[in-house]
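Here it is, the structure, as structure tokens.
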Amino acid sequence: IIIAVIVVIITTVLLVMMKKKTPQTTTSTTSTTPTSKKSNKTKTSVMLTGICDVGKTSLFLCMKNDNETETCTSMTENIGTCINEKNGEEIEIVDIPGHGKVRNSFKKYIETTKCVIFVVSAVDIKKTIKDDANFLHNIIVANARNVPILVVSNKNDLSMPEAVDVIQKMLEKELNKL
């Protein structure tokens, strides 16, 4: 399930980036291959962010290593790459820590990233909605280049997750309060 979600995320990100490059686009499925080698191709940076304990580092490691890995709270950025098998483009993934004291490190990457993936937990959203909305608001305010922001609901496979449309309404309501 996680691999499928990651493929959908990367496909969406790449489609958004391709739309900005060319007026005519076609929809296709894109897969990625993890790599640690640097290529001479153009590098695309994607920022993976959200509050603490939503599964960002787990998603990052799954994209980077192509398998699930146990994780713990990150206190520094994690940076890895994948190669888009369709066009050979290298995709740099920057996993920003979600802990309150270090989460503002996103500011040093917001000017160079092509897309922001903001991760929320479908299981904990009722408890964390104010923190989620506040952090998302900070990213929106700092986003002077109008980089696309994709909100991803994670942990949908656990018991009692909120539906995506409920999460969207909750986030919109909290963002309107700010």
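The values are calculated or read from the model by the stated rules, or taken from the named source; none is laboratory data. Model, not experiment: these values are computed from the prediction. With ideal geometry, Cβ positions are generated from the backbone for all residues, glycine too; neighbour counts draw on all protein chains shown. These accessible areas exclude ligands, DNA and RNA; they are computed on the full protein's heavy atoms, side chains included. Shrake-Rupley method; radii C 1.70, N 1.55, O 1.52, S 1.80 Å.
Skip the ligands, DNA and RNA, and give the accessible area per residue of segment 44-178 with a 1.4 Å probe, whole Å².
In whole numbers, segment 44-178 has 49 Å² accessible per residue.
Please compute the modelled spin-label separation between Glu111 and Lys130, points set 7 Å along Cα→Cβ, answer in nm with one decimal.
3.4 nm
Let me ask something else about it. My understanding is that a pair violates if its Cα-Cα distance is over 24 Å; which of Lys114/Lys177; Lys56/Lys114; Lys86/Lys155; Lys56/Lys169 do that in this structure?
Numbers: Lys114/Lys177 28 Å; Lys56/Lys114 18 Å; Lys86/Lys155 28 Å; Lys56/Lys169 22 Å.
Going by Cα-Cα distance, Lys114/Lys177; Lys86/Lys155 fall outside the 24 Å limit.
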